[in-house]
Amino acid sequence: MTTSIEAAEVAPAARAAMLEQVEQRLRELIAVERARWCAVDPRADQPIGVVGDLLLSGGKRIRPMFCLTGYLAVGGDPGSAAAVDAAAATELLQAFALLHDDVLDNSMLRRGQPTAHVRWAAEHERLGWAGEARRFGEGVAILAGDLAFSWSDRLAVTMSPAARLVWNDLRTEMIMGQSLDIAVAAEQVADPELARWIALCKSGHYTIHRPLLLGATLAGRPDLTGAFEEYGLAVGEAFQLRDDLIDAFGDGAAGKPPGLDFDGHKMTLLLALVVQRDRQVRELVRQGGRDAHKLRDLLVTAGVRADVEKHIDDLVATARRAIAAAPLPEVWRDELADLAGRVAYRDR
């Protein structure tokens with residue numbers, strides 16, 4: 001008979017083993033595709049190499065982790081290749097999102113290295129190729145993102161019809177959230193509820209809620225929808241607010257310059273909340289002035305950072321209450337409660 005202590009050791013070990021299989025699946029996919037397409041022409045390694053470099057550059061693997069946690073927590077088979085493929089698919093979708101997001105935001109760095117469009121624009125200039133270097137670099141990055149999206153769907157092909165519905169919602173929500181994100185940034189719409197909805201679509205649903213539900217549905221347990229939604233939305237909102245705080249007050253340790261969202265006129269959830277409550281910030285945004293240092297000082301003066309930290313605490317508490325009542329083994333309820341804190345209080 002398995003004791004609670006043994007279960008607490010076995011559960012994370014099973015997930016760790018499956019996460020290692022995810023890494024192997026991604027490496028194998030890249031190797032097979034590189035051999036296949038570079039046999040046609042070595043230039044095919046441009047988009048394949050971009051995706052491979054991003055995938056193997058040390059990402060946090062949050063989405064595969066939540067997908068496999070949802071799967072194993074409801075009794076999924078730890079030997080399932082289909083679950084490994086689904087978890088790998090979520091990481092490929094993340095690569096797609098990051099590559100396109102870096103172009104949309106004109107980001108210079110990703111994980112401490114030049115972004116794909118910057119790197120290939122520089123290569124274009126160095127070699128003196130024809131055409132505009134910027135457009136070439138962006139073209140390589142966009143097509144590499146499209147390639148990652150294509151590969152993610154290939155790995156999702158064995159999903160059950162019910163899991164495929166979750167997968168489709170996950171992808172659509174992320175893209176629509178991103179689309180609305182750039183629209184409200186251009187129009188400078190300061191609507192906290194809309195900003196929250198966008199943050200949940202482009203980040204919360206896609207990072208926590210849907211991967212959890214995807215894993216559970218793969219294991220034949222869609223009945224966890226309510227508990228995973230309440231938990232996932234709370235942790236997802238905390239995840240996005242932490243991202244906003246890292247961008248506003250970070251030191252660049254996350255691998256990209258701080259203040260990027262401010263400089264890019266992004267109406268983040270954090271900024272939308274502040275615009276509603278602080279006249280100086282509201283006036284600065286209304287005038288189109290988005291000096292990151294000035295905004296950061298105003299946020300500190302208004303006491304917003306402390307308020308947001310308190311809100312994150314409340315969200316973590318909400319998530320932990322939701323999962324405490326879920327019909328799951330205690331070891332997995334404890335693990336999900338711990339994950340909520342690890343996601344919400346990370347420093348990068």
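Looking at segment 119-153, which of its residues are over 23 Å from Ala88 (Cα atoms) and either loosely packed, with under 15 Cβ neighbours inside 10 Å or modelled with pLDDT under 95 (or both)? Before you say what the answer is, go through the steps one by one.
Filtering segment 119-153 for residues over 23 Å from Ala88 (Cα atoms) gives 119-139.
Passing the criteria: Ala122, Glu125, Arg126, Leu127, Gly128, Trp129, Ala130, Gly131, Glu132, Arg135.
Being of a type in the set (Gly, Ala, Ser), part of a helix (DSSP H, G or I), closer than 30 Å to Arg221 by Cα and not assigned by TED's automatic domain parsing to the domain that holds Trp167 is the requirement here; does Ala121 meet it? Before the answer, list the steps.
On the way: of a type in the set (Gly, Ala, Ser): yes; part of a helix (DSSP H, G or I): yes; closer than 30 Å to Arg221 by Cα: no; not assigned by TED's automatic domain parsing to the domain that holds Trp167: yes.
Judged against the criteria, Ala121 is not a match.
Please go through segment 29-42 and pick out each residue that is among the charged types (D, E, K, R) and touching a helix residue (DSSP H, G or I) at 6+ places or on another chain (Cβ under 9 Å).
Glu33, Arg34, Arg36
Run down Leu298, Leu315, Leu339 and say which single residue is under 13 Å from Phe249 (Cβ atoms), assigned by TED's automatic domain parsing to the domain that holds Ile198 and in contact with a helix residue (DSSP H, G or I) (Cβ under 9 Å, 6 or more places away or on another chain).
Among Leu298, Leu315, Leu339, only Leu298 is under 13 Å from Phe249 (Cβ atoms), assigned by TED's automatic domain parsing to the domain that holds Ile198 and in contact with a helix residue (DSSP H, G or I) (Cβ under 9 Å, 6 or more places away or on another chain).
Mind checking which residues of segment 105-118 are loosely packed, with under 15 Cβ neighbours inside 10 Å, at positive phi and not small (Gly, Ala, Ser)?
Matches in segment 105-118: Asn106 only.
Residues Thr90, Thr69: which one is hydroxyl-bearing (Ser, Thr, Tyr) and touching an Asp or Glu at 6+ places or on another chain (Cβ under 9 Å)?
Testing whether each residue is hydroxyl-bearing (Ser, Thr, Tyr) and touching an Asp or Glu at 6+ places or on another chain (Cβ under 9 Å) leaves just Thr69.
Of all the residues that make up segment 292-337, how many are surrounded by fewer than 17 Cβ atoms within 10 Å (Cβ to Cβ), of a type in the set (A, V, I, L, M, F, W, C) and farther than 22 Å from Met267 by Cβ?
Going through segment 292-337 one residue at a time, the tally reaches 3.
Could you grab the pairs with beta carbons closer than 8 Å, sequence gap of 6+ or different chains, first residue in segment 92-106 and in a loop (DSSP other than H, G, I, E, B), second one not hydroxyl-bearing (Ser, Thr, Tyr)?
Every condition considered, the pairs that remain are Asn106/Gly264.
The values are calculated or read from the model by the stated rules, or taken from the named source; none is laboratory data. These numbers were taken from a predicted model, which means no experiment stands behind them. Note that each Cβ is placed from the backbone with ideal geometry, even for glycine, and that neighbours are counted across all protein chains shown.
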